[in-house]
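Written below as C-alpha cells is the structure these notes are about.
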Amino acid sequence: MKTQLVARWQAFSPRDQRVLSVLASLIGLLLFITIAVTPALHTLRDSDQRRDHIAQQQTQMLALQAQAQALQTRTLLSRDEALRQLQNITPKPYIQLQVQGARVTAQLKAVPATDLAQWLAQARQQAQTRPIEANLMRNLASTTNTVWDGNLVLSLPNRGAAP
C-alpha cells in the first residue's frame, strides 16, 4: 500500500505535489487550531465571567457562614420567651396566632408579601421559630400589591418554660 501511495505521489507533477503539500499543511493547521487552540480561547474568553461567578458564590458562602456562626452563638430562648417575642412582632390586623403546644398556627388574611417576608425573618431571628408547614394562596382581590392568605405552622424552641 505504501508503494502504491509513493507511486501515485511520483506520478504527480512537481507543481501538483507542491499544491497537495500546501493543502495538506493547511488542513493539518486547521485541524490543530480546531482541536487545540479554539477550546483554549473559549476558556480564556469565559474566564472573567467564571471568576465573577465564583467571587459571587464566595460572597454568598461567607454570608451564610457568618449567619451560621451568629446562630450558633445566640442564646436560646425558652418556649414562653419565644412565644412572647413572636406575639410582639406579629402585625395584628394581618396575622392571628393560635398556640398549640410547641406549635403556633398563624392565620394570614391579606398580608402584603413584603410584610410576610419581614415577619418570617423576624420570627426566625427574634423568636427563634421555624416554619414547618405552609398553606398559602395568593389573594387576587388586590390589584396593586401581592398579598397572601392562608396558614403557616411555626415550631417554637423546645427549651421548656421560662422560670
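The values are calculated or read from the model by the stated rules, or taken from the named source; none is laboratory data. Everything numeric here is computed off the predicted structure, so don't read it as measured data. Cβ: placed from backbone, ideal geometry, glycine included. Neighbour counts: every protein chain shown.
Can you go through Gln107, Gln85 and tell me which one is touching a residue at least 40 places away in the same chain (Cβ under 8 Å), more than 30 Å from Ala141 (Cα to Cα) and either part of a strand (DSSP E or B) or assigned by TED's automatic domain parsing to the domain that holds Glu133 (or both)? Explain how you work it out, then say what you get.
On the way: Gln107 fails: more than 30 Å from Ala141 (Cα to Cα).
Going through Gln107, Gln85 in turn, the sole match is Gln85.
Quick one: would you say Leu77 is assigned to a loop (DSSP other than H, G, I, E, B), modelled with pLDDT under 95 and closer than 16 Å to Ser155 by Cα? Quick ask: steps written out before the conclusion?
Numbers: assigned to a loop (DSSP other than H, G, I, E, B): yes; modelled with pLDDT under 95: yes; closer than 16 Å to Ser155 by Cα: yes.
Yes.
For segment 108-134, which positions are in contact with a Gly (Cβ under 8 Å, 6 or more places away or on another chain) and closer than 20 Å to Pro157 by Cα?
Ala134
Within segment 1-17, count every residue that is assigned to a helix (DSSP H, G or I) and surrounded by 10 or more Cβ atoms within 10 Å (Cβ to Cβ). Lay out the reasoning, then the answer.
Initial filter on segment 1-17 (assigned to a helix (DSSP H, G or I)): 2-11, 14-17.
Right, trim to surrounded by 10 or more Cβ atoms within 10 Å (Cβ to Cβ) and you get 6, 9, 16-17.
Summing the residues that are assigned to a helix (DSSP H, G or I) and surrounded by 10 or more Cβ atoms within 10 Å (Cβ to Cβ) in segment 1-17 gives 4.
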